[in-house]
Amino acid sequence: MPRMQDKVVLISGAGTGIGKATAERLAGEGARVIASDLDQATAEATAQFVAGRALSLDVSSEADWQQVMDDIRGNEGRLDALINNAGILALSAQQDPEETTLEEWQAVQRVNLDGVFLGCKHAIPLLRDSGGGSIVNLSSIAALMGTPHVTAHGASKGGVRQVTKSVAVHCARQGYRIRCNSVHPGLIETEMGDQVLGLRGPDIEVSRAERAAMVPMGELGQAADVANVILFLASDESRYVTGAELVVDGGTTIV
């Protein structure tokens, strides 16, 4: 039997990158995918590809989260997994502790951290009423090390790591049968990953080779590598896993 047979899954930021790869992976295992994104066109493209549904969602808006959950309750009648994937890196090239503006700091926190908090808050009642389920929050290896070049981003992902554990304990103690775990990608070849890696421009191959050399496994990760881990956490195979942080980085954080 497919690992996600008949499970209803909401994925934020599903239009591109890891979110899109996750939608494809979970749908391939039988999930009914609801692809959400701030960019409605990309959400619809993903939904069409996986034979799912598309919803517009600004993860920093509480009203949007409430509307999405009401929509799912009314149309699907249940929710089995939430993948909090939507996120941004920065608004400018300068994000060290001296150059980061308060405006940029707050903008990154609104999407990366407020968005995860709001997703968890508003998904919990529907997951509970569905008999339990799984929340998977996309953090980053930036949550596990100093990131002076992306200060706001690193702080937001550290917050996601902590919120995940708080949600996991809360749901477990309430008897909701809702698991909550975080995934920490490293250097992954996606649109956002390209921003971190400096892969855009005439020196793209040089930069890729230099960055790959920093990874013990000697290569950059792919969105599918992260999607495979998300599949495990979203499925019943991880029924006894909650509050965990799974790192997908080719060994980067262990050296």
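Hey, does the range 122-140 have a residue that's under 13 Å from the mean Cα position of the chain (by Cα), among the hydroxyl-bearing types (Ser, Thr, Tyr) and either in a helix (DSSP H, G or I) or farther than 13 Å from residue 181 by Cβ (or both)?
yes
Suppose we filter the range 211-235 for residues that are surrounded by fewer than 17 Cβ atoms within 10 Å (Cβ to Cβ) and of a type in the set (Asp, Glu); how many remain?
Counting residues in the range 211-235 that are surrounded by fewer than 17 Cβ atoms within 10 Å (Cβ to Cβ) and of a type in the set (Asp, Glu) gives 1.
So which pairs qualify, if the first residue must be in the range 42-66 and over 18 Å from residue 122 (Cβ atoms), the second must be hydroxyl-bearing (Ser, Thr, Tyr) and not in a strand (DSSP E or B), the Cβ gap must be under 7 Å, and the two must be at least 6 apart or on different chains?
Once the first residue is over 18 Å from residue 122 (Cβ atoms) and sits in the range 42-66, its partners that are hydroxyl-bearing (Ser, Thr, Tyr) and not in a strand (DSSP E or B) give 42/16.
Checking residue 69 against (1) at pLDDT 95 or above; (2) farther than 22 Å from residue 180 by Cβ, only one condition comes out false. Which one?
(2)
Would you check if residue 88 is part of a loop (DSSP other than H, G, I, E, B) and of a type in the set (A, V, I, L, M, F, W, C)?
On the way: part of a loop (DSSP other than H, G, I, E, B): yes; of a type in the set (A, V, I, L, M, F, W, C): yes.
So residue 88 passes the test.
Of all residues in the range 218-255, which are over 16 Å from the mean Cα position of the chain (by Cα) and farther than 22 Å from residue 174 by Cβ?
The answer is 218, 219, 220, 237, 250, 251, 252, 253, 254, 255.
If the Cβ limit is 6 Å and pairs must be 6+ apart or interchain, which residue in the range 234-255 that is of a type in the set (A, V, I, L, M) pairs with which residue that is part of a loop (DSSP other than H, G, I, E, B) and surrounded by fewer than 18 Cβ atoms within 10 Å (Cβ to Cβ)?
Every condition considered, the pairs that remain are 255/216.
I'd like to know if the range 59-82 contains one or more residues that are part of a helix (DSSP H, G or I) and on the phi > 0 side of the Ramachandran plot.
Within the range 59-82 (the criterion being part of a helix (DSSP H, G or I) and on the phi > 0 side of the Ramachandran plot), the answer is no, since none of the residues qualifies.
Only one residue in 3, 110, 25 is touching an Asp or Glu at 6+ places or on another chain (Cβ under 9 Å) and either assigned to a loop (DSSP other than H, G, I, E, B) or basic (Lys, Arg) (or both), so which one is that?
3
Residue 157 versus (1) in contact with a strand residue (DSSP E or B) (Cβ under 9 Å, 6 or more places away or on another chain); (2) charged (D, E, K, R); (3) not in a helix (DSSP H, G or I): which is the lone unmet condition?
The single condition residue 157 does not satisfy is (3).
For the range 164-183, does any single residue satisfy the condition of being at positive phi, charged (D, E, K, R) and at pLDDT 95 or above?
The answer is yes, given that some residue of the range 164-183 is at positive phi, charged (D, E, K, R) and at pLDDT 95 or above.
Which condition from (1) of a type outside the set (A, V, I, L, M, F, W, C); (2) in contact with a Lys or Arg (Cβ under 9 Å, 6 or more places away or on another chain); (3) more than 24 Å from residue 125 (Cα to Cα); (4) surrounded by 20 or more Cβ atoms within 10 Å (Cβ to Cβ) is the one that residue 29 breaks?
(4)
Restricting attention to the range 1-34, which residues are modelled with pLDDT of 95 or more, of a type in the set (A, V, I, L, M, F, W, C) and farther than 15 Å from residue 136 by Cβ?
Across the range 1-34, the qualifying residue is only 27.
I need a count of the residues in the range 145-169 that are within 24 Å of residue 103 (Cα to Cα) and of a type in the set (A, V, I, L, M, F, W, C). First the steps, then the outcome.
Just the residues of the range 145-169 that are within 24 Å of residue 103 (Cα to Cα), to begin with: 145-163.
Narrowing further to those that are of a type in the set (A, V, I, L, M, F, W, C): 145, 150, 152, 155, 160, 163.
Qualifying residue count for the region: 6.
The values are calculated or read from the model by the stated rules, or taken from the named source; none is laboratory data. None of these values were measured; they are calculated from a predicted model. Every residue, glycine as well, gets a Cβ built from its backbone with ideal geometry; the counts of neighbours run over all protein chains shown.
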